[in-house]
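See below for the structure under consideration.
Quick note: the coordinates plus some simple rules give every number you see, no bench work behind them. Here the structure is a predicted model, which is why all the values come from computation and not from measurement. Cβ coordinates were reconstructed from backbone atoms using ideal geometry, including for glycine residues, and neighbour counts include every protein chain displayed.
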Amino acid sequence: MATHHHISPVKTGTVALVAFGITYVALEYPAYALKISGALLGGILPALFWLWFWLHEDKVHPEPKKIIFTAFFFGMIAVPLAIFLEKFYIGLAYPNLAEAVAFNVLTFGDFFSWAVIEELLKYGMAFLAGIRSKYFDEPIDAVMYLISVALGFAAAENALFIFGAVKDLGVWGAFTTGNLRFIGASLLHVASSSLLGFFIGFGLCKSRYVRALYIIEGLAVAFTLHAIFNYLIMVINERYLLDIFALLWCVMVIVIFLFEKIKRSPCYRVIGVQPQ
C-alpha cells in the first residue's frame, strides 16, 4: 500500500548528494574500480541507497519489502536480457555492418526500438514482481513497483558501464564520458517507468477496457521519452548536454507533482474484486 505523507525536498536532495558522492568515491580509487566489486559499489550501491529512501518514505502503509527488493532484482536481471535483444536487433537491422560500425549509423527508429525493448522488459518485471500480486490495491503501488525495477535496471547498467569504461578510459575518463551516465541513466529510467506507473495507477479503478488503454498510453509515453532522450544524447553537440539534462529534470518535476497527486487518489481496489 502507499504512504500518505509528503516527501521532504531536503531529504531528497541529501539522498541525491550522498548517492552521487558514493559513485564519485568509488571512481576515485582505481584499485577498486578496476574490479567487479568497484563496479558494484559505484553502480549498485547508490541505487540501493535511493531504494532505501523510497522505503523509508513509504513507512505508513508500506509495500512488503520482499516485493520491492524482488522488483529491484528483477530490474537488474532485465539488463542482460535487454543487451541480448538490442544486439540481436542490430544484427537484424544492419546485417552487413560490423556492430561497431552499425552504432555510428543508428537512426531515431533504432533508438525507439531499443526504448521499446527496455521499457517492455521493465514493465514485464514489475508485473511479475508486484502488479499481478494481491498487494497491488492502490494506484501508487504501481509507481513503487516500476520505480524499484527502474532503479535495479539503472544499477546493473551503471555497474557494467563503470567496469567497462574504467578499464578503457581510466577513472576520470569514465566519470566524465558516457553521457554523464550516472545521473542521466538513473533519472531517465525512473522518469519513464514512473510515468508508466502513473498511467497504470490512475487506471486501476477503471473498467478493463479503459485500464488497457491507460497501459498502452503509458507505454507509448515511456517509449517516446526514452527514445528522444537517448537520441538527443547521441546526436547533439556536447555543449548542449546540460540543456538536455535540464529538460529531463523538468520531467522529474512533473513526476514529483504526479506522485503527490496519485497519493491522494480515492481509488482502492478490494482484493479479489476487479472493475468490469
A chain fully extended from Lys134 to Cys250 at 0.36 nm per residue, minus the present Cα-Cα distance, gains in nm 38.4 nm
Highest mean first, what order results for 139-149, 108-118 on Cβ atoms within 10 Å? 139-149, 108-118
Too-long pairs where the Cα-Cα distance tops 32 Å, listed order kept, from Lys122/Lys206; Lys66/Lys263; Lys87/Lys261: Lys87/Lys261
Computed lengthening from Ala98 to Ile216, 0.36 nm per intervening residue step minus Cα-Cα distance: 39.0 nm
Cα-based equivalent ellipsoid of the range 60-140: semi-axis lengths in Å, sorted from largest, via gyration tensor: 35, 12, 9
So what are the ³J(HN,Hα) numbers for the range 186-199, from phi and the Karplus equation (6.51, -1.76, 1.60; θ = phi - 60°), rounded to whole Hz, Gly and Pro as x? 5, 4, 4, 5, 5, 5, 5, 5, 5, 4, 4, x, 5, 4
